[in-house]
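Chemist: The structure's right below; bear with me while I get my questions together.
The values are calculated or read from the model by the stated rules, or taken from the named source; none is laboratory data. Source: prediction; values computed, not measured. No Cβ is skipped: glycine too gets one built from the backbone with ideal geometry, and neighbour counts run over all protein chains shown.
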Amino acid sequence: MINKIVQSMADAMAGIQDGSVVLIGGFGAVGQPNALVDGLIEQGARDLTVAVNNAGVGRVGLARLMDLGRVRRVICSFPRSSDPVVFESLYRAGKIELELVPQGTLAERMHAAGAGIPAFFTKTAAGTLLAAGKEIREFEGETYVMEKALHGDVALVEAWQADRWGNLTYKQSGRNFNPVMAMASRLTIVQSQHMVELGDIPPENVHTPGIFVDRVLHVPYGDPSGF
Amino acid sequence: MINKIVQSMADAMAGIQDGSVVLIGGFGAVGQPNALVDGLIEQGARDLTVAVNNAGVGRVGLARLMDLGRVRRVICSFPRSSDPVVFESLYRAGKIELELVPQGTLAERMHAAGAGIPAFFTKTAAGTLLAAGKEIREFEGETYVMEKALHGDVALVEAWQADRWGNLTYKQSGRNFNPVMAMASRLTIVQSQHMVELGDIPPENVHTPGIFVDRVLHVPYGDPSGF
Amino acid sequence: MSATASTTEFRALTRPQMAARLARDIPEGWYVNLGIGIPTQVADHVPLDREVIFHSENGVLGMGPAPAEDKIEPWLINAGKQYVTLRKGGSYVHHADSFAMIRGGHLDLCVLGGFQVAENGDLANWATSENDMAPAVGGAMDLAAGAKRLWVLMDHTTKDGTPKIVHRCSYPLTAVGTTRRVYTNLATLDITERGFVVLDMAPGLTFENLQARTDAPLHR
Amino acid sequence: MSATASTTEFRALTRPQMAARLARDIPEGWYVNLGIGIPTQVADHVPLDREVIFHSENGVLGMGPAPAEDKIEPWLINAGKQYVTLRKGGSYVHHADSFAMIRGGHLDLCVLGGFQVAENGDLANWATSENDMAPAVGGAMDLAAGAKRLWVLMDHTTKDGTPKIVHRCSYPLTAVGTTRRVYTNLATLDITERGFVVLDMAPGLTFENLQARTDAPLHR
């Protein structure tokens with residue numbers, strides 16, 4: 001019997017290596033796998049590259065992971081937040097690298113990784129500083145930038161429902177980056193609010209099919225906290 | 001009030017120009033917009049390029065459109081079918097052009113068109129006849145082919161449910177090429193088995209958001225016929 | 001911006017007035033993304049019976065007004081991380097699909113704030129040399145490059161009176177040549193092959209006075 | 001293929017036996033796409049309590065066995081246009097998402113039929129020079145290039161005895177160097193850096209006899 005459900009955070013985090021590229025879902029406080037980020041802090045992997053939309057709030061979660069010196073590099077579109085104190089101070093001190101990526105390019109680079117596309121062209125950022133050093137090319141008289149797939153070694157994902165095959169649904173705007181991160185990573189670890197039986201999610205309405213999911217941990221934490 | 005629902009086939013087909021690129025959904029007999037294809041036959045546009053998975057069965061629908069000499073070029077992955085008599089005879093007589101595209105490349109070229117990507121790289125067809133004349137490039141030691149976006153002037157789509165904003169669902173394997181064709185086209189025309197009120201489709205389970213849809217015609221024809 | 005620093009009598013538009021002015025030009029049926037800041041206010045000035053479908057980068061299509069305090073849904077936010085509602089007919093998608101709507105040219109309109117808009121249509125709205133924080137771009141470059149139409153909603157000058165409507169941008173660009181129209185507290189300007197063309201001006205403002213606050217030639 | 005034309009006594013595998021032989025090697029939990037033709041039969045030989053998740057290019061993940069005549073669902077077909085069922089836990093996606101599973105390397109295994117397999121792993125299975133119909137490729141190139149493992153299931157020779165296991169393919173290629181293993185009616189062969197390595201043979205067949213029916217050197 002296929003059973004992707006794990007019973008402990010230690011099982012969920014098993015085998016994450018130093019130097020991994022970790023994709024972390026969520027947008028604002030919604031759809032963030034907070035428990036898994038805490039689990040990663042506990043697990044101990046270091047020298048991480050983290051791809052995520054925002055670079056952490058306050059001193060908890062991702063900000064704490066950075067504060068502990070475990071993150072070498074952040075790939076994100078919006079390193080600011082309501083309280084970006086940890087990232088800002090590390091960045092000013094030259095202790096963390098930043099790869100700034102337009103938000104849509106960030107999402108599409110992960111989609112490309114999941115779909116077997118090593119590189120693609122986009123209009124976004126053409127003629128701007130964020131195209132510096134990238135290949136530029138014209139198609140039908142318009143200028144495009146070549147962007148490369150962004151693969152994760154690990155994705156940390158938050159879902160609303162999950163079953164033992166790893167099929168997932170998301171609630172409202174909690175979907176955001178989670179599905180493309182699940183597609184883009186070799187090891188996709190999910191925390192889910194609800195565990196359901198196989199077949200409870202109607203087959204037409206599975207948001208992430210289990211083929212993109214490796215481990216599921218039940219974390220019924222309730223609503224997202226404020227920002 | 002936004003209302004994409006049209007009341008007649010003539011309204012559904014209005015404005016389709018000679019020389020258009022027409023994307024036609026369906027795989028096998030499932031999810032095929034048969035009524036819209038008949039509407040297109042009636043409407044009269046000619047010199048068409050049709051992108052579709054199969055090149056027609058028997059002498060009805062798409063096969064009839066070709067038989068009438070209205071199709072200049074077919075872009076497809078599998079021109080055969082249980083009864084490909086019309087296409088085969090036109091093809092042998094040199095009266096129709098064929099652009100043969102691997103099925104996944106065909107789908108991804110339409111997805112790319114819908115997502116603002118003029119070109120992308122794929123492993124599929126690298127080192128084969130279907131890469132002839134295409135740009136080849138290595139990424140991380142592997143060989144890839146550059147493929148270009150495939151835009152439609154018109155998409156003909158079959159849905160299971162539709163509302164007045166053009167939100168769609170599909171039934172089982174009736175989804176197939178329909179969503180990517182809707183994304184890829186300037187004018188997306190839908191025939192839907194069922195019309196529902198705004199809000200009847202749960203917002204998490206809309207398969208094609210109305211932003212990709214222009215016109216909806218109610219065609220409650222029932223189950224797909226055999227092959 | 002108020003008119004107190006001005007040499008003539010005119011009334012600059014307030015922010016709600018600026019948002020309302022722009023909202024007037026959005027027809028029913030358009031798919032529209034409103035950037036963070038003043039642009040977000042535009043939605044408040046589109047009457048609910050004029051169906052305009054608002055999109056948010058984080059996968060929300062068909063946003064409605066902000067919820068009442070006791071009706072907040074904690075899983076439903078917009079790209080500015082504010083609580084919003086969803087209208088009947090709205091839907092949720094993932095981030096790549098949401099940006100496919102933007103980048104694939106499916107939005108009829110995107111409204112962004114700006115630091116500078118140039119007469120060639122260039123927009124600068126994400127980074128300034130004065131800013132020593134880490135740079136942040138969000139979805140601005142995707143929106144500015146991808147939407148069918150880009151309108152910018154911003155003050156006509158900085159607080160110290162420096163023109164933001166310019167011949168060429170000095171700040172880093174967000175997108176090249178895509179701005180079609182600018183709505184400021186002083187005027188509405190179309191960007192055409194001739195450069196900026198004035199569509200209307202704040203009550204009491206003269207063309208010469210507007211020109212004096214602008215770093216690019218204006219046309220009537 | 002039967003052994004009647006053979007000079008020695010051996011029993012070539014029947015098609016059900018070939019499918020069963022391959023099915024034995026698929027472990028629980030794999031995501032598997034079975035090509036049209038003999039490969040489709042493999043599913044019949046995987047016991048239902050060994051959970052293997054079958055994928056079909058037309059957006060079906062988690063296919064079950066063919067339905068009873070009175071249980072046919074007319075909207076549920078596989079890539080071979082046969083009626084199928086969906087297991088609990090199955091799901092439907094659109095064609096681009098379905099091929100993202102294939103092309104993105106998410107399938108553990110793809111099983112295809114073949115015209116020729118070469119010792120360098122090349123597969124030819126979509127076009128032959130003898131065929132004067134319009135060429136058709138379907139999803140074969142995507143599957144052959146994209147899956148984590150490509151196994152080919154085919155007869156060892158053509159009906160007239162021409163070897164299909166070859167030094168180099170003479171027919172147009174489907175994919176370059178991706179075949180990992182071949183299951184034929186005469187043998188199971190791994191493709192390694194040394195070339196073809198025989199894992200097992202049909203009952204009564206000798207290595208020399210197998211080599212005589214093969215156009216590439218075999219290794220033990």
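Chemist: Report, ordered by the first and then the second residue, all pairs with beta carbons closer than 8 Å, sequence separation of six or more or different chains, a first member in the range B:45-56 that is more than 12 Å from chain D (Cβ to nearest Cβ) and more than 20 Å from B:VAL180 (Cα to Cα), and a second member that is part of a strand (DSSP E or B) and not aliphatic (A, V, I, L, M).
Modeler: B:ASP47/B:ARG72
Conditions (1) outside any helix (DSSP H, G or I); (2) over 13 Å from the mean Cα position of the chain (by Cα), marked per residue:
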residue	(1), (2)
C:THR128	yes, yes
C:LYS148	yes, yes
C:VAL152	yes, no
C:ASP155	yes, no
C:ARG168	yes, yes
C:ASN185	yes, no
C:VAL197	yes, yes
C:PRO203	yes, yes
C:GLN211	no, yes
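Chemist: State whether one or more residues within the range B:111-126 are buried (at least 23 other Cβ atoms within 10 Å of the Cβ), outside any strand (DSSP E or B), more than 14 Å from chain C (Cβ to nearest Cβ) and β-branched (Val, Ile, Thr).
Modeler: Yes, the conditions are met somewhere in the range B:111-126.
Chemist: Continuing with this model, one more query. Select from the range A:127-139 the residues that are facing another protein chain (nearest Cβ under 7 Å) and closer than 25 Å to A:ALA184 by Cα and list them in ascending order.
Modeler: Correct list: A:LEU130 only.
Chemist: Continuing with this model, one more query. Answer yes or no: is there a residue in the range A:94-101 that is part of a strand (DSSP E or B), more than 19 Å from the chain's Cα centre (by Cα) and more than 10 Å from every other protein chain (Cβ to nearest Cβ).
Modeler: Within the range A:94-101 (the criterion being part of a strand (DSSP E or B), more than 19 Å from the chain's Cα centre (by Cα) and more than 10 Å from every other protein chain (Cβ to nearest Cβ)), the answer is no, since none of the residues qualifies.
Chemist: Let me spell it out: the conditions are (1) within 17 Å of the chain's Cα centre (by Cα); (2) not in a loop (DSSP other than H, G, I, E, B), and A:LEU150 meets all of them except one. Which number is the exception?
Modeler: Answer for A:LEU150: the failing condition is (2).
Chemist: Does any residue in the range D:137-149 that is of a type in the set (Val, Ile, Thr) come within less than 8 Å, Cβ to Cβ, of a residue that is part of a helix (DSSP H, G or I) and at pLDDT 95 or above six or more places away or on a different chain, and which pairs are these?
Modeler: From residues that are of a type in the set (Val, Ile, Thr), the pairs are D:VAL137/B:GLN103; D:VAL137/B:LEU130.
Chemist: In this structure, does B:TRP165 turn out to be part of a loop (DSSP other than H, G, I, E, B) and either hydrophobic (A, V, I, L, M, F, W, C) or away from chain D (no Cβ under 12 Å) (or both)?
Modeler: Yes; evaluated as a whole, the condition is true for this residue.
Chemist: Out of D:LEU22, D:LEU86, D:LEU76, which single residue is among the aliphatic types (A, V, I, L, M) and more than 30 Å from A:HIS111 (Cα to Cα)?
Modeler: D:LEU22
Chemist: Could I ask something else about it? Hey, can you tell me all the residues within the range B:203-220 that are in contact with a helix residue (DSSP H, G or I) (Cβ under 8 Å, 6 or more places away or on another chain), within 12 Å of another protein chain (Cβ to nearest Cβ) and assigned to a loop (DSSP other than H, G, I, E, B)?
Modeler: B:HIS207, B:PRO209, B:VAL213
Chemist: Determine whether the range B:140-149 contains at least one residue that is free of Cβ contacts under 8 Å to residues at least 60 places away in the same chain, within 14 Å of chain C (Cβ to nearest Cβ), among the hydrophobic types (A, V, I, L, M, F, W, C) and out of contact with any helix residue (DSSP H, G or I) (no Cβ under 9 Å at 6 or more places or on another chain).
Modeler: no
Chemist: While we're looking at this one, here's another question. For the list (1) surrounded by 24 or more Cβ atoms within 10 Å (Cβ to Cβ); (2) part of a loop (DSSP other than H, G, I, E, B), I need the number of the one condition that B:LYS134 fails.
Modeler: (1)
Chemist: Taking D:THR174 as the residue in question, decide whether it is polar (S, T, N, Q) and either touching a Cys at 6+ places or on another chain (Cβ under 6 Å) or closer than 22 Å to B:THR122 by Cα (or both).
Modeler: On the way: polar (S, T, N, Q): yes; either touching a Cys at 6+ places or on another chain (Cβ under 6 Å) or closer than 22 Å to B:THR122 by Cα (or both): yes.
Taking the combined requirement at face value, the residue satisfies it.
Chemist: Evaluate the range B:175-189: report whether one residue or more is buried (at least 24 other Cβ atoms within 10 Å of the Cβ), facing another protein chain (nearest Cβ under 10 Å), touching a residue at least 12 places away in the same chain (Cβ under 8 Å) and among the hydroxyl-bearing types (Ser, Thr, Tyr).
Modeler: No, the range B:175-189 contains no residue that is buried (at least 24 other Cβ atoms within 10 Å of the Cβ), facing another protein chain (nearest Cβ under 10 Å), touching a residue at least 12 places away in the same chain (Cβ under 8 Å) and among the hydroxyl-bearing types (Ser, Thr, Tyr).
Chemist: Separate question: Looking at D:PHE115 and the list (1) touching a residue at least 24 places away in the same chain (Cβ under 8 Å); (2) more than 23 Å from D:HIS55 (Cβ to Cβ); (3) facing another protein chain (nearest Cβ under 9 Å), which single condition is not satisfied?
Modeler: (3)
Chemist: Can you name the number of the only condition in (1) under 23 Å from B:GLY61 (Cβ atoms); (2) out of contact with any strand residue (DSSP E or B) (no Cβ under 8 Å at 6 or more places or on another chain) that B:PRO202 fails?
Modeler: (1)
Chemist: Let me ask you something else. Would a scan of the range D:69-79 turn up a residue that is out of contact with any Gly (no Cβ under 8 Å at 6 or more places or on another chain), within 24 Å of B:VAL74 (Cα to Cα), surrounded by fewer than 24 Cβ atoms within 10 Å (Cβ to Cβ) and among the aliphatic types (A, V, I, L, M)?
Modeler: No, every residue in the range D:69-79 fails to be out of contact with any Gly (no Cβ under 8 Å at 6 or more places or on another chain), within 24 Å of B:VAL74 (Cα to Cα), surrounded by fewer than 24 Cβ atoms within 10 Å (Cβ to Cβ) and among the aliphatic types (A, V, I, L, M).
Chemist: Right, next: Go over the candidates D:ALA79, D:ALA23, D:ALA19, D:ALA68 one by one and state the one that is of a type outside the set (Phe, Trp, Tyr), free of Cβ contacts under 8 Å to residues at least 24 places away in the same chain and under 29 Å from D:THR157 (Cα atoms).
Modeler: Answer to the check: D:ALA23.
Chemist: Here is a further query. Let me confirm something: among D:PRO163, D:PRO135, D:PRO172, which residue is surrounded by fewer than 22 Cβ atoms within 10 Å (Cβ to Cβ) and away from chain B (no Cβ under 14 Å)?
Modeler: When all the criteria are applied, what remains is D:PRO163.
Chemist: I would also like to ask the following. Quick one: count up the residues across the range A:83-93 that are facing chain C (nearest Cβ under 10 Å) and surrounded by 20 or more Cβ atoms within 10 Å (Cβ to Cβ).
Modeler: Of the residues in that region, 4 qualify.
Chemist: Also: Can you tell me which residue within the range B:37-70, out of those that are in contact with a Gly (Cβ under 9 Å, 6 or more places away or on another chain), of a type outside the set (Lys, Arg) and assigned to a helix (DSSP H, G or I), is surrounded by the fewest Cβ atoms within 10 Å (Cβ to Cβ)?
Modeler: B:ASP38
Chemist: For the range C:36-55, how many residues are closer than 19 Å to B:ASN167 by Cα and in contact (Cβ under 8 Å) with a residue 40 or more places away in the chain?
Modeler: 1
Chemist: From C:GLY161, C:GLY113, C:GLY195, C:GLY177, which residue is within 28 Å of B:ALA184 (Cα to Cα) and at pLDDT 95 or above?
Modeler: On inspection, the qualifying residue turns out to be C:GLY177.
Chemist: Now for a different question. Would you point out the residue of the range D:102-120, among those that are among the β-branched types (Val, Ile, Thr) and closer than 24 Å to A:GLY210 by Cβ, that is surrounded by the most Cβ atoms within 10 Å (Cβ to Cβ)? Can you show your working first?
Modeler: Just the residues of the range D:102-120 that are among the β-branched types (Val, Ile, Thr), to begin with: D:102, D:111, D:117.
In the following step, the residues that additionally are closer than 24 Å to A:GLY210 by Cβ were identified as D:102, D:111.
Details: D:ILE102: 26, D:VAL111: 28.
It comes out as D:VAL111.
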